[in-house]
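Comments concern the structure below.
The values are calculated or read from the model by the stated rules, or taken from the named source; none is laboratory data. These numbers come from a predicted model, not from an experiment. All Cβ positions, glycine included, derive from the backbone under ideal geometry; neighbour counts span all protein chains shown. Areas reflect the complete protein model, heavy atoms only, side chains present, ligands, DNA and RNA absent. Shrake-Rupley method; radii C 1.70, N 1.55, O 1.52, S 1.80 Å.
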Amino acid sequence: MSDKKVKVPEAGQWPDNLVVPAVLAGAVLTTAGFLMAFLMVGPVNGAALSSPELVGDVMVTNQQLLSQKIFYFHMPVAIVSFVALVFAAYYGIRFLMGRQQRFDTCSRVAMEIALLFVVFTMVTGDLWTRFEWGVWWTWEPRLTTYLILMLIVIAYFVLRNAVDDPERRAVFSGVISIIALVDVPICFMITRLIPSSVHPVVAREGGMAPDMVAAVMIIMAGMMLVAFGLYRLRFRQARLDERVQALKDQLEDY
Amino acid sequence: MNPILADIYSTVIPSAPFIIAAYAIVWVALLVYVAIVVRGLKRTEAQMAVLEEAVRAKAGE
């Protein structure tokens with residue numbers, strides 16, 4: 001049997017050269033998308049007015065739902081959180097297959113980025129819910145499945161802090177990252193299985209005008225680049241931390 | 001104010017704080033996260049330099 005060397009991710013490899021351009025491009029794209037969403041994309045219509053009114057040079061026939069503008073950040077950060085969870089589970093599986101600690105580090109960092117974007121999704125979604133419905137929380141199918149996802153991600157870090165043995169900690173973490181991944185398609189598909197007015201299936205039902213789609217895509221691309229930059233930056237720090245620990249151990253051995 | 005206009009703006013003005021909060025939280029949290037990671041990176045790099053020096057000194061003894 002050949003002794004095939006597994007190529008492991010390391011800080012300082014070529015993706016690190018893309019960190020600064022990616023974060024800058026991400027900042028520019030999210031800002032451009034934000035400006036587009038507010039300045040170029042019209043607001044969504046609400047309830048019909050008792051009679052039409054001319055505002056500027058536009059005949060307004062419905063209430064204007066400005067709160068819908070939250071969607072332009074809410075959906076992209078939710079998608080980025082899903083992508084980060086896919087990577088966390090991928091590296092978790094790589095660890096479980098080969099027991100290379102480096103993959104556990106990759107999985108942990110990806111999970112950290114996922115947690116950040118999961119929290120963004122929850123906060124932006126809750127602010128919309130609070131304004132539109134007057135409540136901070138409702139047991140709507142996607143909210144519930146996404147809450148479960150957030151709890152799994154939080155549980156991942158609680159468990160990591162609770163287990164001292166690095167090998168066992170990495171194994172448990174790998175398994176939880178897979179469990180979190182299982183919840184991703186459930187979160188994504190739940191509105192297709194149980195239709196909800198809060199989370200309509202806008203892409204499939206053509207609920208978004210082309211300019212809305214463009215703004216969402218630009219912000220999503222920006223958020224992906226920001227997440228990539230953050231991941232590489234945090235991975236570099238995590239690797240340095242590991243090397244510092246190794247040097248400390250080496251000093252103790254002298 | 002014209003009641004129709006009041007009806008139009010009834011969903012616009014009150015929602016502004018929620019929209020501003022949603023965007024501000026995301027942007028500020030991202031900036032804070034970057035600042036924390038960069039600060040941690042610099043601290044770890046400084047530790048690394050000191051430890052490498054110490055290991056070299058020990059190895060030379």
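Tabulated results
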{"item": "At least 40 Å² of accessible area lost relative to the chain alone, listed for region A:119-150 with a 1.4 Å probe", "result": "A:Phe120, A:Leu127, A:Phe131"}
{"item": "Stokes-Einstein D (µm²/s) once Rh is taken as the Kirkwood radius of the protein assembly as shown over alpha-carbon pairs, at 4 °C in 1.567 mPa s", "result": "59 µm²/s"}
{"item": "Residues in region A:210-254 occluded by at least 50 Å² - accessible area, probe radius 1.4 Å, against chain by itself", "result": "A:Leu230, A:Leu233, A:Gln237, A:Leu240, A:Val244, A:Leu247, A:Leu251, A:Tyr254"}
{"item": "Within 10 Å of each Cβ in A:80-93, the average number of Cβ atoms from other chains", "result": "0"}
{"item": "Whole-number accessible area per residue in Å² for region A:17-247, which is evaluated in the context of all protein chains at 1.4 Å", "result": "46 Å²"}
{"item": "Per residue accessible area in Å² of region B:20-61, where ligands, DNA and RNA are left out and the probe is 1.4 Å", "result": "63 Å²"}
{"item": "Orientation-averaged projected area, Cα convex hull of region B:20-61 (nm²)", "result": "2.6 nm²"}
{"item": "Percent accessible area from carbon and sulfur atoms, chain A, protein chains only, probe 1.4 Å", "result": "66 percent"}
{"item": "Protein accessible area in chain B, 1.4 Å probe - carbon and sulfur %", "result": "71 percent"}
{"item": "Buried on assembly, region B:30-61 (at least 50 Å² less accessible surface than by itself, 1.4 Å probe)", "result": "B:Leu30, B:Tyr33, B:Val37, B:Leu41, B:Thr44, B:Met48, B:Leu51, B:Val55, B:Lys58"}
{"item": "Degrees separating the helix A:166-193 axis from the principal Cα axis of chain A, which is the longest one", "result": "20 degrees"}
{"item": "Tilt relative to chain B, helix B:16-60 - C-alpha long axis, 0 to 90 degrees, to 10", "result": "0 degrees"}
{"item": "Accessible area buried between chains A and B, both sides summed, probe 1.4 Å, in Å² to nearest 100", "result": "3900 Å²"}
{"item": "Degrees separating the helix A:71-98 axis from the principal Cα axis of chain A, which is the longest one", "result": "20 degrees"}
